[in-house]
Every structure is written in C-alpha cells, then in structure tokens.
Amino acid sequence: NVKKCFNLMLNREDVECSTSDFPRVAIIMGSDSDLPTMKDAAEILKSFHVPFEITIVSAHRTPERMYSFAVSAKERGVQIIIAGAGGAAHLPGMVASLTPLPVIGVPIRTSSLDGVDSLLSIVQMPKGIPVATVAIGNAANAALLAVRMLAAGDDELWERLIKYHELLRDTVLEKAEKLEG
Ligand code: RP5
C-alpha cells in the first residue's frame, strides 16, 4: 500500500516500501524531504499499473545502503531506477556507476540555489556513465520516461500510453474550444 509507505516515510522510519514483490521500477531519494517531489513519480507509476518500490537511499549518509541497493536491484526484478537528490546531488550518478540499469535523475529544488545545483550535479555526468535527467522537480516526467522505456517491450503499457496522450490532447482541445467560445 503506497499511501501507508508514504506515511511511514514521512515519520522518518527507515522502511522498504513496495507495491509488489517484483517491482519493475525503483524510486529512491536522498532524503525524506525529497518525498513531496518524488511522490509524483509514484502516482504516475500507480496510474499505469507499473509495480514499483520506493525508499530513501542517501549517497553520503548511507553509502553502504546505496551500494547494496544498487548491486541487488537487477536481481530483485528492477528494470529502471528513478533517483531524486538535491544540492550536490551525486546519488543518481553513483547508483548508475554501480549497476548498468538505466537511471533517471530528478533534480530536487533547493532553497539556496533553486535546484540549479541539483540539476547541474545530475546532468553533467562524464562520458561512460549516463544518467537521463529531467527538469528540476519534474518527478512525473521521470516516471513517464520509465513507462515509455518499459512500453517499448510491453504492448499493454504501450496502449495505456497511447490513451494517456489522447487524454492530454483532448484536454487541450476542450480548453481551446471553451476559450474560442
Ligand atoms: C540531499 O540533500 C537530499 O536529496 C535532499 O534533497 C538534500 C537535503 O536533505 P535533508 O537535509 O533535507 O535531509 O541528500
């Protein structure tokens, strides 16, 4: 139950949360203070019926945990990792260095530099270890990108994505119609 996971995480309890024994996507973040941003990724995955796990892994506060998370992810069935971090945001890059699984980084908006620090830390990976980076705070797009990657080999997900895009289109058309009167 994802909602229960969120509540537990907000109470700063160190728990593993999962919607399935076989999560296809892992959502991790450096701190529970990232959860208000990262929960958007969970909501998107939930709406596409993609099983996922979500937890806190800090590169600098829990480096051993980051290591064991990254090296065991593939064995646990994880196909894509979404990693959110703020400031000197090294979590996505470090995780990508520990597993060949695709990693999508979410730069968290910070109070001092508005998240530009997070963005540059995540996006500027040197050649060899890629991290796909979304816009500052856009965890929803990270999840949508993960769904697209999975959908390339999953017809059901493919159909759901097509429906999702039709919904986006229809929403704009409705608004345009209203505006035009
Ligand atoms: C990073 O430091 C986290 O990803 C978070 O965005 C930032 C601040 O963490 P807290 O001090 O709020 O725990 O590791």
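Read-outs throughout are calculated quantities, based only on the coordinates presented, and are distinct from any laboratory measurement. Predicted model only: the values in this text are computed from it and were never measured. Positions of Cβ are generated from backbone atoms using ideal geometry, with glycine treated the same way; all protein chains shown enter the neighbour counts.
Relative to the Cα centre, what is the charge dipole magnitude of the chain, using +1 at the beta carbon of each Lys and Arg, -1 at the beta carbon of each Asp and Glu, and rounding to the nearest 20 debye?
With Lys and Arg at +1 and Asp and Glu at -1, about 260 debye.
Find the relative contact order for region 69-176 and round it to a whole percent, using C-alpha pairs within less than 8 Å whose residues are 6+ positions apart.
Computed value for region 69-176: 21 percent relative contact order.
Ranked highest first by the average count of other Cβ atoms within 10 Å around their residues, in what order do 54-60, 68-74, 163-169, 141-147 fall?
141-147, 54-60, 68-74, 163-169
Using the Cα atoms of region 2-153, I'd like the radius of gyration and the largest Cα-Cα distance, Dmax, both in angstrom.
So, for region 2-153, Rg and Dmax equal 13.7, 41 Å respectively.
Once the dipole of the chain is set up with Lys and Arg at +1 and Asp and Glu at -1 on Cβ about the Cα centre, which of Ala146, Ser47, Ala59 lies farthest towards its positive end?
Ala59
Quick check: the angle from helix 35-47's long axis to the longest principal axis of the chain, C-alpha only, nearest 10 degrees?
Helix 35-47 and the main axis of the chain meet at about 50 degrees.
So what is the relative contact order for the chain, in percent, with contacts set as C-alpha pairs under 8 Å and at least six apart?
So the answer I get is 19 percent.
So how tilted is helix 139-151 from the main axis of the chain? Cα-based, degrees 0 to 90, rounded to 10.
Approximately 80 degrees, to the nearest 10.
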